[in-house]
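Asker: A single structure is presented below for examination.
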Amino acid sequence: ASLPVRDGGLGIRSAVMLAPLAFLASAAGTTELQAHILPPSISIIPDKSVELALVAWSVLAQSSTPVGTNAFCQRNWDAPCIQHIKNKLLEQTTDQRDRARLLASQSPHSADWLFALPLSSIGLRLSNEAVRVSVGMRLGVKVCEEHQCPCGATVDIKGTHGLSCRRSAGRQQRHSALNDILVRAMHVAQIQAAKEPSGLSRRDGKRPDGVTLIPWSRGRCLTWDITVPDTVATSHLDRTSLAAGAAAEHAAELKTAKYADLLQYYDFVAVAVETFGAWSTSALDFIKTLGRRITEVTGEKLETAYLLQRLSVTIQRCNAVCFAGSFKSDSN
């Protein structure tokens, strides 16, 4: 929790960690000024406070000391401390699920929901329970008592079973909500698009989630299909415990192969994003391109960030629905 959000934490920084490095950056940045102000007989006396802070920092960072102008910047003192904690967490992790969780939480844009303003009017506000579940799963802490899912499986204290349970109502809700966001974003970018086009289908009769009705690039229309694999599902752990976003990349490859018949006439992108927020490379490139096209229409430079936040909030909200679905109702 004390790590920065971009490094997999919640950004609740520890004062014990920050105090030595903040002091050292300040001391290094004012060394020349002190030499001009103080007489030589005093300026040459070693500063015991700096020495003590260096000792404290060395324990936290386990790294070489920044030198020259690099020592003036607090971030250069902070980065080794953060990296040491991240390495230590991964080294101490023996469980594949925890390792997959740590790697996914450190991937780009996995925590965009934490940066979103909680505005109910545009669907960016998470309920208290959704925040509790999202934070708990991000940190890998206890979110519930062990119990039995309606599907018959045992749900452990981390509560992640519901994210991949085939009987979870939240999975379809998540899929539909993400598709709605993409279609609305297309319309804002003045690109006409339709959901689940009837004229396009695979050999098994299944249709992609959407298609642009005007060319997307190179004179070709774009069709897309959304998939949200669970980062900590047993079937994905061999991949996700080794690399962030591995389940999303694999799911994107499978989707592309399934829609191979359409590639002759359309551009296709598999919008693959994991339950813990890690994106496939192609999906993230697509979202960024769509965000830039919205910016061209609205003039707002942060459209890409806003789009990623909406998608991220939706994933977390639906994760909470999936989690709630792992409990038996009174009627059962």
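Asker: What is the local net charge at residue 78, summed over the other residues whose Cβ is closer than 11 Å to its Cβ (Lys, Arg +1; Asp, Glu -1)?
Answerer: +1
Asker: Among 282, 49, 107, which one shows the highest mean-square fluctuation when the chain is modelled as a Gaussian network with alpha-carbon springs under 10 Å?
Answerer: 49
Asker: For the stretch 203-249, what class follows from the C-alpha gyration tensor (a ≥ b ≥ c being the square roots of its eigenvalues): rounded when a/c is under 1.5, otherwise prolate if a/b is larger than b/c, else oblate?
Answerer: Prolate, because a/c is 1.5 or more and a/b exceeds b/c.
Asker: Which residues does the label zone of residue 187 cover in the stretch 276-304, counting backbone N under 11 Å from a point 7 Å along Cα→Cβ?
Answerer: Hits in the stretch 276-304 for residue 187 at 11 Å: none.
Asker: Now, a different point. Quote the relative contact order of the chain in percent (integer), defining contacts as alpha-carbon pairs under 8 Å separated by 6+ residues.
Answerer: Relative contact order for the chain comes out at 20 percent.
Asker: Also, quick follow-up: Taking the Cα-to-Cβ direction at residue 30 and at residue 14 and moving 7 Å from each Cα, how far apart do the two end points lie in nm?
Answerer: Placing both labels 7 Å beyond Cα along the Cβ direction yields 2.6 nm.
Asker: Just to confirm the number: angle between the C-alpha axis of helix 74-92 and the first principal axis of the chain, 0 to 90 degrees, nearest 10?
Answerer: 60 degrees
Asker: Applying 1/(1 + (r/R0)^6) with R0 = 51 Å to the Cβ-Cβ distance of residue 22 and residue 298, what FRET efficiency is obtained, to the nearest 0.05? Each step should come with its number before you reach the end.
Answerer: On the way: r = 39 Å, r/R0 = 0.77.
With R0 = 51 Å, the Cβ-Cβ based efficiency is 0.85.
Asker: Could you order the peptides 262-270, 149-157 from most to least packed, using the average number of other C-beta atoms within 10 Å per residue? Each step should come with its number before you reach the end.
Answerer: Values: 262-270: 17.1, 149-157: 13.8.
Taking the mean over residues of other Cβ atoms within 10 Å, the ranking is 262-270, 149-157.
Asker: So how far, in whole Å, is the C-alpha centre of the stretch 234-256 from the one of the stretch 284-305?
Answerer: 27 Å
Asker: Where does the chain land at 222 nm, in deg cm²/dmol rounded to the nearest 500, when only DSSP H runs of n ≥ 4 count, each adding -39500 (n - 2.57), divided by all residues?
Answerer: Mean residue ellipticity, 222 nm, calculated: -15000 deg cm²/dmol.
Asker: Can you tell me the 0 to 90 degree angle between the C-alpha axis of helix 96-105 and the longest principal axis of the chain, rounded to 10?
Answerer: Between the helix axis and the principal axis of the chain, the angle is about 80 degrees.
Asker: Give me the net charge for the shell around residue 8: Cβ to Cβ below 13 angstrom, other residues only, Lys and Arg +1, Asp and Glu -1.
Answerer: +4
Asker: Based on the alpha-carbon gyration tensor of the stretch 70-153 and its eigenvalue square roots a ≥ b ≥ c, which shape applies: rounded if a/c is under 1.5, prolate if not and a/b is larger than b/c, or oblate?
Answerer: The shape class here is oblate.
Asker: Between residue 253 and residue 194, what's the calculated FRET efficiency when r is the beta-carbon distance and R0 is 22 Å? Round to 0.05.
Answerer: Efficiency for this residue pair is about 0.30.
Asker: Continuing with this model, one more query. Per 10 Å bin from zero, what fraction in whole % of the C-alpha pairs of the chain is there, up to the bin with the longest pair?
Answerer: 5, 22, 26, 21, 14, 8, 3, 1, 0
Asker: Share of the stretch 252-313's accessible area from carbon and sulfur, percent, 1.4 Å? Provide the component values of the computation, followed by the final result.
Answerer: Working: 1430 of 2770 Å².
After summing per-atom areas, the C and S share lands at 52 percent.
Asker: What shape does the stretch 86-201 have by the C-alpha gyration tensor, where a ≥ b ≥ c are the square roots of the eigenvalues, rounded means a/c under 1.5, and otherwise prolate means a/b greater than b/c and oblate the rest?
Answerer: Working: a/c = 1.95, a/b = 1.55, b/c = 1.26.
Prolate, because a/c is 1.5 or more and a/b exceeds b/c.
Asker: Could you tell me how many degrees, from 0 to 90 and to the nearest 10, lie between the Cα long axis of helix 128-139 and the main elongation axis, the longest principal axis, of the Cα atoms of the chain?
Answerer: On a 0 to 90 degree scale, this one is about 70.
Asker: Just to confirm my numbers, what's the Cα centroid distance between the stretch 1-59 and the stretch 98-173 in Å?
Answerer: Going from one Cα centre to the other spans 38 Å.
Asker: Shifting gears a bit: Note down the net charge around residue 279, summing +1 for each Lys or Arg and -1 for each Asp or Glu among other residues with Cβ under 13 Å from its Cβ.
Answerer: Taking every Cβ under 13 Å from that of residue 279, the sum is -3.
Asker: Among the listed pairs 195/258; 86/158; 255/301; 158/206, which have their C-alpha atoms separated by more than 24 angstrom in this model? Walk me through the intermediate numbers first.
Answerer: Numbers: 195/258 18 Å; 86/158 21 Å; 255/301 31 Å; 158/206 34 Å.
Beyond 24 Å: 255/301; 158/206.
Asker: Further question: Solvent-accessible area of residue 327, probe 1.4 Å, all protein chains present, reported in Å² to the nearest ten, please.
Answerer: 90 Å²
Asker: Now for a different question. Measuring with a 1.4 Å probe in the full set of protein chains, what accessible area per residue, in whole Å², belongs to the stretch 2-150?
Answerer: 59 Å²
The values are calculated or read from the model by the stated rules, or taken from the named source; none is laboratory data. Computed from a predicted structure; not experimentally measured. Glycine gets a Cβ as well: all are built from the backbone with ideal geometry, and neighbour counts include every protein chain shown. Ligands, DNA and RNA are stripped out before the accessible areas are found, and what is left, the full protein with its side chains, is counted by its heavy atoms. Shrake-Rupley method; radii C 1.70, N 1.55, O 1.52, S 1.80 Å.
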